[in-house]
Amino acid sequence: MLEYVLKVLVLDDDEALLRLLRLTLASEGFEVVTATNGLDGLDKAQNEDPDVILLDLEMPVMDGRTFFRRLRSQGDQTPVLILSAYGAKAAQRELEAEASLDKPFDSDELMRELRHLASARP
């Protein structure tokens, strides 16, 4: 019997962090898709159908807040975990996102949050 692999879309403009997250999440059994800006992220959210989205707020082309609002305006209810060095919790409340973690974050806490969000996906 095949086991379902959780797919995570990671949006961040920090290439080093994207590589680290890709390696960390893949080693935990996640399929990882990445984008370095919100515009590319919207395209990947639509075409890749992720189970969870990890979202940085500060990105070029389209920032994380704009990405989140557009995602929701398109009817996409994929759970979003905001990752930010600046006010992740405040942004979570403002946007009504499902979860947030401040950078730097603990990888064990990230894994717990991801699994929880994926299990609660509508």
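The values are calculated or read from the model by the stated rules, or taken from the named source; none is laboratory data. As the structure is a computational prediction, the values presented were derived from the model and not from experiment. Please note: Cβ atoms are built from the backbone with ideal geometry, for glycine as well, and neighbour counts cover all protein chains shown.
For beta carbons closer than 6 Å, sequence separation of 6+ or different chains, a first residue in the range 100-122 that is within 12 Å of residue 83 (Cβ to Cβ) and a second that is assigned to a loop (DSSP other than H, G, I, E, B), the qualifying pairs are 103/85. Looking across the range 16-53, the residues that are in a helix (DSSP H, G or I) and among the charged types (D, E, K, R) come down to 19, 22, 40, 43, 44, 48.
Within the range 73-98, the only residue that satisfies the criterion of being assigned to a loop (DSSP other than H, G, I, E, B), under 22 Å from residue 49 (Cα atoms) and among the hydrophobic types (A, V, I, L, M, F, W, C) is 97. Screening residue 26 on (1) of a type in the set (A, V, I, L, M); (2) within 23 Å of residue 108 (Cα to Cα); (3) within 14 Å of the chain's Cα centre (by Cα) shows it passes everything except condition (3). For the range 55-72, the criterion of being aliphatic (A, V, I, L, M), closer than 21 Å to residue 29 by Cβ and part of a helix (DSSP H, G or I) is satisfied by no residue at all. Being of a type in the set (A, V, I, L, M), within 19 Å of residue 7 (Cβ to Cβ) and touching a strand residue (DSSP E or B) at 6+ places or on another chain (Cβ under 9 Å) holds for only one residue in 118, 91, 85, and it is 118. Picking from residues in the range 34-90 that are basic (Lys, Arg) and over 12 Å from the mean Cα position of the chain (by Cα), the one that is modelled with the lowest pLDDT is 89.
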